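Structure record follows, encoded as structure tokens.
The values are calculated or read from the model by the stated rules, or taken from the named source; none is laboratory data. The structure presented is a predicted model; accordingly, all values stated were derived computationally and were not measured. Every residue, glycine as well, gets a Cβ built from its backbone with ideal geometry; the counts of neighbours run over all protein chains shown.
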Amino acid sequence: MSRAANHPLSGPVSDSASSSVSSSVTVRVPAKVNVRLAVGAARSDGFHDLANVFLAVSLYDEVTAAPADGLTVTCEGPDADQVPLDRSNLAARAAEILAERSGLAPSVHLHIAKNIPVAGGMAGGSADGAAALLACDRLWGLDTPRAQLLDICAELGSDVPFSLVGGAALGTGRGEVLTPVPAGTFHWVFAVADGGLSTPAVFREFDRLTAGREVPAPQASPDLLAALASGDADALAATLANDLQPAALSLRPALADTLAAGTGAGALAALVSGSGPTTAFLVRDAASAAAVAAALEASGTCRATRVADGPAPGATVVSGPSGRVRLRG
């Protein structure tokens, strides 16, 4: 499935932009699973402090940036009809912000090859924003320092910096302040639900469910971090947790059946991925992943399954100017 914008999102290319562009650039970017998502009480700015342990996994979107007369976005792949093609798309916003800070017109066509579930709690939109930012930086020959790229990512959204970095990391603040952490290899099955869940709606439900209770300051479990570093799937299974899961289940009770189907099929542990509604199942190895995925699809409790492992690298240039981009700074 493919969708194309009906009109450009900005005006014609400027002389400075046209002189700096080269051939198209394609960036591959991973999905993420939150192996621990600890959520604090709502702050005065409406955000929540988090202790968010991210793991990038081998489900990827690809974003291709090519010279154009204006800013346009197209998309193909599963659920492409659910992807916005206007300025609300983080890929478009990334191009606009980078161009503005660089004195260029955002004259680029962005094509998204979508494989990460849409509105599924796996940071698909954030991944596209990070990929577009890196693709435009390479396309326009800017060589923007790493710190500045991460600043733009944080402006775009809480999960976008991790999409750029990948691997495994602890995100604090609202999730955008990253500290890399060591991680062994883990195997996962993801069950894709019908429809999406709004992240703001899930946080509002979290606030409703915790109203009148003391919400502890979020922190990452030392046992979880040790299990992640060791590569011990059994140890990690005992420590997985997501403070948003009760809110997601409150809004989508049927997800409980999906979680039960996966654990009943032999998954070591199960949890809602981020704000959901995708559910994540930790398994022992690739053979176990295939068996759990088949059982989940046969259960009728999900629309589709995806098998992946992690950690996976962050946003990476896969075609265009040679080599992976060097993030200076």
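Looking at the stretch 272-295, which of the residues that are of a type outside the set (Val, Ile, Thr), touching a helix residue (DSSP H, G or I) at 6+ places or on another chain (Cβ under 6 Å) and modelled with pLDDT of 95 or more is surrounded by the fewest Cβ atoms within 10 Å (Cβ to Cβ)?
My answer is ARG284.
May I ask you to say which residue of VAL177, VAL189, VAL181, VAL160 is of a type in the set (Val, Ile, Thr), in contact (Cβ under 8 Å) with a residue 60 or more places away in the chain and farther than 29 Å from THR263 by Cβ? Give the steps one after another, and end with the answer.
On the way: VAL177 fails: in contact (Cβ under 8 Å) with a residue 60 or more places away in the chain; VAL189 fails: farther than 29 Å from THR263 by Cβ; VAL181 fails: farther than 29 Å from THR263 by Cβ.
Result of the check over VAL177, VAL189, VAL181, VAL160: VAL160.
Which residue, of ASP86, ASP61, is among the acidic types (Asp, Glu), in contact (Cβ under 8 Å) with a residue 12 or more places away in the chain and over 28 Å from ASN242 (Cβ atoms)? Before the answer, list the steps.
Numbers: ASP61 fails: over 28 Å from ASN242 (Cβ atoms).
Answer to the selection: ASP86.
Cβ contacts < 7 Å: first residue of a type in the set (S, T, N, Q), restricted to the stretch 229-255; second residue surrounded by fewer than 20 Cβ atoms within 10 Å (Cβ to Cβ) and modelled with pLDDT under 95, any location; separation 6+ or different chain. Result?
Close Cβ pairs satisfying both conditions: THR239/SER221.
Is it true that some residue in the stretch 148-170 is farther than 22 Å from ALA31 by Cβ, at pLDDT 95 or above and over 18 Å from the mean Cα position of the chain (by Cα)?
Taking the stretch 148-170 first, the residues farther than 22 Å from ALA31 by Cβ are 148, 151.
With at pLDDT 95 or above added as a condition, the list becomes 148, 151.
From what's left, over 18 Å from the mean Cα position of the chain (by Cα): 148.
Within the stretch 148-170 (the criterion being farther than 22 Å from ALA31 by Cβ, at pLDDT 95 or above and over 18 Å from the mean Cα position of the chain (by Cα)), the answer is yes, since at least one residue qualifies.
Answer yes or no as to whether LEU225 is modelled with pLDDT of 95 or more, touching a strand residue (DSSP E or B) at 6+ places or on another chain (Cβ under 9 Å) and not β-branched (Val, Ile, Thr).
Answer is yes for this residue.
The conditions are (1) assigned to a helix (DSSP H, G or I); (2) within 23 Å of the chain's Cα centre (by Cα), and ALA280 fails exactly one of them. Which is it?
Against the list (1) assigned to a helix (DSSP H, G or I); (2) within 23 Å of the chain's Cα centre (by Cα), ALA280 comes up short only on (1).
Residues in the stretch 296-323 that are farther than 30 Å from LEU142 by Cα, surrounded by 20 or more Cβ atoms within 10 Å (Cβ to Cβ) and out of contact with any helix residue (DSSP H, G or I) (no Cβ under 6 Å at 6 or more places or on another chain): how many?
Counting residues in the stretch 296-323 that are farther than 30 Å from LEU142 by Cα, surrounded by 20 or more Cβ atoms within 10 Å (Cβ to Cβ) and out of contact with any helix residue (DSSP H, G or I) (no Cβ under 6 Å at 6 or more places or on another chain) gives 3.
What do you reckon, is LEU170 of a type in the set (A, V, I, L, M, F, W, C) and not assigned by TED's automatic domain parsing to the domain that holds LEU98?
No; evaluated as a whole, the condition is false for this residue.
Could you please let me know if ALA235 is small (Gly, Ala, Ser), closer than 27 Å to ALA169 by Cα, surrounded by fewer than 19 Cβ atoms within 10 Å (Cβ to Cβ) and in contact with a strand residue (DSSP E or B) (Cβ under 6 Å, 6 or more places away or on another chain)?
So ALA235 does not fit the description; no.
At least 3 residues that are assigned by TED's automatic domain parsing to the domain that holds ALA269 and buried (at least 21 other Cβ atoms within 10 Å of the Cβ) in each: list the strands (runs of 3 or more DSSP E) lying fully within the stretch 36-153 that qualify.
none
Could you run through the stretch 198-221 and say how many residues are under 24 Å from the mean Cα position of the chain (by Cα) and either part of a helix (DSSP H, G or I) or among the charged types (D, E, K, R) (or both)?
9
Tell me yes or no: at least one residue of the stretch 240-252 is crowded, with 17+ Cβ neighbours inside 10 Å, closer than 20 Å to ALA286 by Cβ and either touching a Phe, Trp or Tyr at 6+ places or on another chain (Cβ under 7 Å) or not charged (D, E, K, R) (or both).
yes
Checking ALA183 against (1) at pLDDT 95 or above; (2) in a loop (DSSP other than H, G, I, E, B); (3) surrounded by fewer than 20 Cβ atoms within 10 Å (Cβ to Cβ); (4) of a type in the set (A, V, I, L, M, F, W, C), only one condition comes out false. Which one?
(3)
With respect to the numbered conditions (1) part of a helix (DSSP H, G or I); (2) touching a residue at least 40 places away in the same chain (Cβ under 8 Å), which one is the sole condition not fulfilled by ALA226?
(2)
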